[in-house]
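Let me begin by presenting the structure, written as structure tokens, before commenting on it.
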Amino acid sequence: MTDIFNSNDYRRGFLDGQKDAEAGKDKNFRKMGMSAKFAIYGNKVLDTYIQGYNAGYQEAMRKSIAQKVVLEDALTSPSTKSAPSTTSTNVSYRSTRNYNPQTINKAQYSPSNSNNMTQSLQLQLEKLEQLEQFLCSTIEDLTERMKIYNDRVAALREEGLSIEIADNYEERYCNPDRQLLQRLTENMENADLQYIRRNIEKLHAQLEAAGS
């Protein structure tokens with residue numbers, strides 16, 4: 001069952017971070033806004049995604065380090081372990097300097113991650129603007145098709161369709177169709193488009209803030 005009504009996107013971020021680390025990839029937050037939740041809950045989803053991503057990435061890297069240490073211990077003989085040079089190698093393998101938890105937790109504030117955030121916001125903006133254009137075009141198309149429909153019904157009368165059939169058809173079918181179409185286009189204009197445009201404005205503001 002979908003969890004779209006849950007604003008916490010931590011788990012998805014955790015799995016993405018874990019997968020990227022296991023594949024040896026650098027951190028990449030481009031996927032953080034690629035969720036239907038983002039359109040509903042906005043920045044709260046991005047925050048929980050980033051937290052989950054960092055945790056998943058960190059855990060996978062820790063496991064990778066641990067596996068290297070175990071492999072090294074298994075391949076190193078007892079006599080070799082006592083040698084000074086081997087001791088130095090062991091210390092180097094066990095070092096977690098590059099994966100310090102504090103360093104990883106701060107990674108989301110680095111310039112590269114800031115760029116990732118900007119790229120994700122730009123992607124969301126692009127998709128919403130495409131959806132806005134599609135809805136506007138759909139409304140125009142529906143309005144035009146209804147006009148053609150009305151003209152065709154009127155033409156049938158002039159072409160000899162009986163008054164009784166024409167009146168019954170228009171009253172029982174054509175008029176309800178007009179009303180349904182009118183409600184549909186009004187809902188798209190007053191609800192769908194307004195929602196999309198509010199989110200477009202928010203994304204523009206977020207991009208301006210990110211660039212300042």
Pair list, Cβ under 9 Å, 6 or more apart: the range 131-147 residue assigned by TED's automatic domain parsing to the domain that holds GLU189, other residue assigned to a helix (DSSP H, G or I) and hydroxyl-bearing (Ser, Thr, Tyr): THR138/THR185; ILE139/THR185; LEU142/THR185; THR143/THR185; MET146/THR185
Tell me the residue from LEU193, LEU203 that is surrounded by 11 or more Cβ atoms within 10 Å (Cβ to Cβ), under 23 Å from SER120 (Cβ atoms) and in contact (Cβ under 8 Å) with a residue 12 or more places away in the chain, please. LEU203
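Residue-by-condition table, conditions (1) free of Cβ contacts under 8 Å to residues at least 24 places away in the same chain; (2) not hydroxyl-bearing (Ser, Thr, Tyr):
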{"position": "GLN119", "(1), (2)": "no, yes"}
{"position": "LEU123", "(1), (2)": "no, yes"}
{"position": "LEU128", "(1), (2)": "no, yes"}
{"position": "TYR149", "(1), (2)": "no, no"}
{"position": "ARG152", "(1), (2)": "yes, yes"}
{"position": "TYR169", "(1), (2)": "yes, no"}
Residue match in the range 161-179 (condition: in the same structural domain as LEU125 (by TED's automatic domain parsing) and in a loop (DSSP other than H, G, I, E, B)): yes
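The values are calculated or read from the model by the stated rules, or taken from the named source; none is laboratory data. Since we're looking at a predicted model, the values are computed, not measured. We place every Cβ from the backbone using ideal geometry, glycine too, and count neighbours over all the protein chains shown.
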